[in-house]
1. Would you mind finding the one in Ile152, Ile186, Ile215 that is in contact with a Lys or Arg (Cβ under 7 Å, 6 or more places away or on another chain), hydrophobic (A, V, I, L, M, F, W, C) and closer than 17 Å to Thr87 by Cβ?
2. Taking Leu212 and the conditions (1) out of contact with any Leu (no Cβ under 8 Å at 6 or more places or on another chain); (2) part of a loop (DSSP other than H, G, I, E, B), which numbered condition does it fall short on, given that it satisfies the others?
3. Provide a single number: the residues in the stretch 59-107 that are open to solvent by less than 40 Å² (accessible area, probe 1.4 Å), farther than 18 Å from Gly38 by Cα and among the β-branched types (Val, Ile, Thr).
4. Condition test on Gly38, is it over 20 Å from Lys149 (Cβ atoms), touching a strand residue (DSSP E or B) at 6+ places or on another chain (Cβ under 9 Å), surrounded by 15 or more Cβ atoms within 10 Å (Cβ to Cβ) and of a type in the set (Gly, Ala, Ser)?
5. Residues that are touching a Leu at 6+ places or on another chain (Cβ under 9 Å), more than 27 Å from Asp167 (Cα to Cα) and not basic (Lys, Arg): does the stretch 23-30 have at least one?
6. Quick one: what pairs do we get from the stretch 216-236, first residue over 15 Å from Ile160 (Cβ atoms) and in a strand (DSSP E or B), second of a type in the set (A, V, I, L, M) and open to solvent by less than 70 Å² (accessible area, probe 1.4 Å), C-beta under 9 Å, 6+ apart or different chains?
7. Yes or no: Thr261 at pLDDT below 95 and β-branched (Val, Ile, Thr)?
8. Got a number for residues in the stretch 228-260 being crowded, with 19+ Cβ neighbours inside 10 Å, farther than 27 Å from Leu9 by Cβ and under 24 Å from the mean Cα position of the chain (by Cα)?
Amino acid sequence: MLDEYGLKLIRLDLPFRLDHVNCFLAEGENGWKVIDAGLHNKETAERWGKELAGKQVTDILVTHYHPDHFGYVGRMQEITGAKVSMTKIDADAGLNAWQDSFIEKLYDNYLLAGVSQDMGENMTTNTNEFVAQVTPYPTVDHHFQEGEKIVIGKYDYEVIFTPGHSDGLVTFYNKEKNMLLSTDHILPKITPNISYWFHGDPDPLASYLASLEKIKKLDADFVVPSHGKPFHGANDRIDEIKAHHDKRLDQTLEAIRNGGTVADACEKLFPKKLTVHETRFAVGETLAHLEYLRNKGVCQRELREGKYWYYI
């Protein structure tokens, strides 16, 4: 399906419930471009070793700083000498998010969210465990600019900033074919995680919804995501995602009708048993929805006994 675009999809396994990430290979005039690289682990290294054997890699395009996209980039750059490009905001995030100084603050922030001490320690440890899977860090040679044109495979693509899932996430749009490499901005079956991680954009859900509207104006036909299979009809999927968040915002408001912490609301919004890794995302997403409502003036927040308390 992607051959006509000069793209090869490289599906890499992930050790999570979301069990894969789609990376891409595209041949250029002087060598190959790689889009995203997966986690830095043995399986990823072996797979890329096979895929890149005999190929000269000139560029690694990084869509955002999350470990399943950014993790192996540094090692791949060491092996290939390729130029690495990503947005400055996510390049900075990728170099800072797993530093001791940041991780040390996480535990206190989880306590502010009303998480138990044991779970706060477990979630902080879980974050720390990613360090080995995102290092060595790459040298970022080029920062994407909004509207920049890049040749990927057989066509030109426009770089479009779509913050929300991460503060500096980008998508790539080819006008000629009305085709969107949607990265993690629009996914076919699940909604991208929109979390507030106690730093960066204070209202990531507002940014995400604005980014959806930005992409909706393109009315893209063919969408190639970073998780799941390619599909047709970006705008239909955007409408579904927006409806999902409208419903979750209503549920979030109901969850704090009698007041509560982030953790209280999270338990109501995510009643199924979650792993520690999944709980991190659930807390982050709950907080993003609460902060969206607070910024809209729909609910309020105050500090009670060392915990954020949200109420209507």
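The values are calculated or read from the model by the stated rules, or taken from the named source; none is laboratory data. Fair warning: this is a prediction, and the values are worked out from it, not measured in the lab. Cβ sites come from the backbone with ideal geometry, for glycine too, and all protein chains shown count toward neighbours. Accessible surface is based on the protein model in full, side chains and every heavy atom, while ligands, DNA and RNA are left aside. Shrake-Rupley method; radii C 1.70, N 1.55, O 1.52, S 1.80 Å.
1. Just one listed residue meets the conditions, Ile152.
2. So the condition that Leu212 fails would be (2).
3. Filtering the stretch 59-107 down to residues open to solvent by less than 40 Å² (accessible area, probe 1.4 Å) leaves 59-74, 76-77, 80, 82, 84-87, 90-91, 93-94, 97-98, 103, 106.
With the extra rule that they be farther than 18 Å from Gly38 by Cα, the set shrinks to 103, 106.
If we keep only those that are among the β-branched types (Val, Ile, Thr) too, we end up with 103.
The number of residues fulfilling the criteria is 1.
4. Numbers: over 20 Å from Lys149 (Cβ atoms): yes; touching a strand residue (DSSP E or B) at 6+ places or on another chain (Cβ under 9 Å): yes; surrounded by 15 or more Cβ atoms within 10 Å (Cβ to Cβ): yes; of a type in the set (Gly, Ala, Ser): yes.
Answer is yes for this residue.
5. no
6. Phe222/Met179; Phe222/Leu180; Phe222/Ala234; Phe231/Val223; Phe231/Val224; His232/Val223
7. Numbers: at pLDDT below 95: no; β-branched (Val, Ile, Thr): yes.
Answer is no for this residue.
8. 3
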